[in-house]
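The values are calculated or read from the model by the stated rules, or taken from the named source; none is laboratory data. Because the structure is a prediction, the values reported are computed rather than measured. Cβ coordinates were reconstructed from backbone atoms using ideal geometry, including for glycine residues, and neighbour counts include every protein chain displayed. Accessible surface is based on the protein model in full, side chains and every heavy atom, while ligands, DNA and RNA are left aside. Shrake-Rupley method; radii C 1.70, N 1.55, O 1.52, S 1.80 Å.
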Amino acid sequence: MAAGNFDINDLKRRMEGAINSLKHELGGLRTGRAAISMVEPVQVEAYGSHMPLNQVATVSVPEPRLLSVQVWDRSMVKAVETAIVNSNLGLSPATEGQVIRLRIPELNEERRKELVKVAHKYTEAARVAVRHVRRDGLDMLKKLEKDHQISEDDEKRLSNEVQKVTDAAIADVDKALAAKEKEILTV
């Protein structure tokens, strides 16, 4: 019962990568609650180059609706403040020495619905990625069977296993979407 060079764990790993990518993208969506991931895309003009915010400051969440940015170098405070304003996050910084406070405003109903649509778009892209991995696995199985490296029964059994892994991955994607949707719509 040699399965040729087919590895179900490789398919699982690739599907897991699509799910992790989705979770990262969903983490960047604003939900009306403060999250460090909100300011990850902010690039600061520092020392003659563009640097991520987390390389010039420490970001923390002292309250559910407040981000605190502790800038390490006093001379960089203005650059960090400018980068936050220019990032189109809709946040207005309040500077106190080397600490920049970012109040997270309430989301209105229309904005919440837009964010849910964006979350659905990210989720659909993750589902497509998972299905591509499934297709690759099934194509490989068909090729192995055609080349007589595995039997027809093995091909059927492994195809069912690939489908089970795919169903589990799609369920994880849907669970991530449901959690994010609930988080966005919670007032």
Order His148, His50 by their accessible area, 1.4 angstrom probe, all chains in place, largest first. His148, His50
Using label points projected 7 Å from each Cα along Cα→Cβ, tell me how many nm separate Val99 and Asn54, to one decimal. 2.2
Kindly state, to the nearest 0.05, the FRET efficiency for Leu185 paired with His148, given R0 = 45 Å and r defined as their beta-carbon distance. 0.25
Send over the Kirkwood Rh of the chain, from the inverse of the averaged 1/r over different Cα pairs, rounded to one decimal Å. 19.4
Dividing the mean separation of Cα pairs under 8 Å (6+ apart) by the residue count of segment 36-103 yields a relative contact order in percent of 28
Return the subset of Lys23/Lys156; Lys23/Lys113; Lys12/Lys146; Lys113/Lys164; Lys23/Lys180; Lys12/Lys180 for which the Cα-Cα distance in this structure is over 21 Å, preserving the input order. Lys23/Lys156; Lys12/Lys146; Lys113/Lys164; Lys12/Lys180
Binned at 5 Å from zero, the C-alpha pair distances of segment 36-103 give percents of 3, 19, 34, 29, 12, 2, 0
Residue-averaged [θ]222 nm for the chain, counting only DSSP H segments that reach four residues, each worth -39500 (n - 2.57): -19500 deg cm²/dmol
Taking all protein chains together and a probe of 1.4 Å, list Tyr122, Tyr47 from the most accessible to the least accessible. Tyr47, Tyr122
Please give the charge dipole size of the chain, origin at the Cα centre, charges +1 on K and R Cβ atoms and -1 on D and E Cβ atoms. Round to the nearest 20 debye. 460
How big is segment 141-185 on each of its three principal axes, counting only the C-alpha atoms and giving the largest first in Å? 53, 14, 7
What is the distance, in nm, between label points placed 7 Å from the Cα along the Cα-to-Cβ direction at Ser21 and at Glu124? 1.7
So between Asn86 and Arg33, what do we pick up on full extension, going 0.36 nm a residue minus the alpha carbon distance? 17.0 nm
Taking R0 as 25 Å and r as the Cβ-Cβ distance between Asp139 and Arg13, the FRET efficiency 1/(1 + (r/R0)^6), rounded to the nearest 0.05, comes to 0.90
